[in-house]
Amino acid sequence: MTRRISLDQLRENVGIALDSLRVSKLRASLTILGVVIGVATVMTMATIVTGVRDQILNTIESAGPTTFYVMKIFSTTPLNPDQLPRSVRIRPDLNAADAERLKRLPQIAYASIWSQLQARLNHNGVRTRDVAVFGADERYQEIQGGELLEGRWFTKAELRAGAPVVVLEIDHAKQIFGRERPLDKTVQIGGRPVTIVGLYQAPANIFAPPGQQVGAILPFEFTWRAYKIDKTNALFIAVKPRVGITVMDAEEAVTVALRELRRLRPGQQNNFDLLSQDQILKVFMSITDVFFLVMIVLASVALMVGGIGVMAIMMVSVTARTREIGIRKALGATRRDILLQFLIEACTLTGIGGLLGILVGLLAGRAVTMLMNVQAHAPLAETLIAVAVSVGIGVVFGVVPARRAARLDPIEALRYE
């Protein structure tokens, strides 16, 4: 019976709260708006971050989760090759002999030296912005993912001779050739003419900023001879372990081999760096974590403002309804009844704001992820948290006005005009 009465009381108080909102539409709307903005911000950011993280995982998967890279030095920001610190200058540059040595290791299925440069693609005066151009071999697709749509990869003879041939990324090919068929035609890359032998579609990668989007793949030997390669930032060895060999075991074997090749004594630090997909993942995750934290702080400020607005509105509501409170108390309502009435009213305000905020946030997040070409789903956990937080704000900021209403003297309240 007690539970029945509590449910009836709850239903009655929610009805009173909704009636109060209908009477003071503008005041209630402005109060709800603060909660909507805060919750919508959280939901939008949660949707974007979830989509971005999924895209990161998909990118890592397409590139092969076991692939790792040997670099002269790993830095999250490129170093100026003309102003390198001494600790970097004394490190030897990577070379083809290093890759050949690693390729012979029993733990390694693939090892090859690659280069990367930025250049524009040009055909008959139509050109792209700077794009990433890789110097690699015929197994580039196996290591980096993607799909060969038409044509072929390089032959062994072309790789050895450094032939001026290229596999062009399909989107950039369409940009400069339009409807013209690109295969067997000539395109200039960084001012060097090369013949197109294949068309390639790179895996989706939303993290590639302008200048880093894959535009073309050339034989490594050709890039080495035809272009100036930044040996500090843009020269690396791609390594893939044999099936059944863990990345950790493969990295250990590579480390031992390179230390022997460079005659490093026990106790001396490595003069090279290894970069695994897990490390790449951690870098991206740390970026998204910071991004999400900043957005949470901003959303928290908006929620705080919304909560203060709720408290202010409820204080006004208590003052305006002093006589009503007196009548209810005269009819037998207890302090607990009055306290509960105004707490439920505050929770109703913030609950409506929370639901609207979730809807707005999910729609905004969906719109942004579509513009970013990212597949994203509604973050269920964050949705439940947002509902709980919005109702919690009503409880926290509704306590003061609710207690004030509950403590009103019924005789004084009935005299209030």
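Laboratory data are not the source of any read-out in this text; all were calculated from the coordinates shown. None of the values given here were measured: they were computed from a predicted structure. All Cβ positions, glycine included, derive from the backbone under ideal geometry; neighbour counts span all protein chains shown.
Here are the numbers for this structure:
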{"read-out": "For the stretch 73-271, fraction of C-alpha pairs farther apart than 28 Å, in %", "value": "31 percent"}
{"read-out": "Ordering of 99-109, 167-177 by packing [mean C-beta count within 10 Å, highest first]", "value": "167-177, 99-109"}
{"read-out": "Enclosed volume per residue, in Å³, of the convex hull spanned by Cα atoms of the stretch 82-198", "value": "147 Å³"}
{"read-out": "Lys, Arg +1 and Asp, Glu -1 on Cβ, resulting dipole of the stretch 73-271 about Cα centre, debye, nearest 20", "value": "520 debye"}
{"read-out": "FRET E, pair SER24, VAL297, Förster distance 30 Å, beta-carbon r, rounded to 0.05", "value": "0.45"}
{"read-out": "Lysine pair number, Cα distance threshold 29 Å (strictly under), the stretch 73-271, separation 8 or more or different chains", "value": "14"}
{"read-out": "Vicinal HN-Hα couplings computed from phi for the stretch 165-181 (Karplus, 6.51 cos²θ - 1.76 cosθ + 1.60; Hz; Gly/Pro x)", "value": "10, 8, 9, 9, 6, 4, 5, 6, 5, 5, 5, 9, 9, x, 8, 5, 6"}
{"read-out": "Footprinting exposure proxy for TRP153, TRP224 (fewest neighbouring C-beta atoms within 10 Å first)", "value": "TRP224, TRP153"}
{"read-out": "The stretch 326-336 - phi-based ³J(HN,Hα) in whole Hz, Karplus 6.51/-1.76/1.60, Gly and Pro as x", "value": "x, 5, 4, 5, 5, 8, x, 5, 8, 4, 4"}
{"read-out": "FRET efficiency estimate (nearest 0.05) - Cβ-Cβ, GLU100 to THR319, R0 56 angstrom", "value": "0.10"}
{"read-out": "Per-residue Cβ neighbour rank within 10 angstrom, fewest leading, LEU235, LEU293", "value": "LEU293, LEU235"}
{"read-out": "Within the stretch 227-251: backbone nitrogen closer than 18 Å to the SER75 label point (7 Å, Cα to C-beta)", "value": "229-237"}
{"read-out": "For ASP98, ASP337, ASP82, order by how many other beta-carbon atoms lie within 10 Å, fewest first", "value": "ASP82, ASP337, ASP98"}
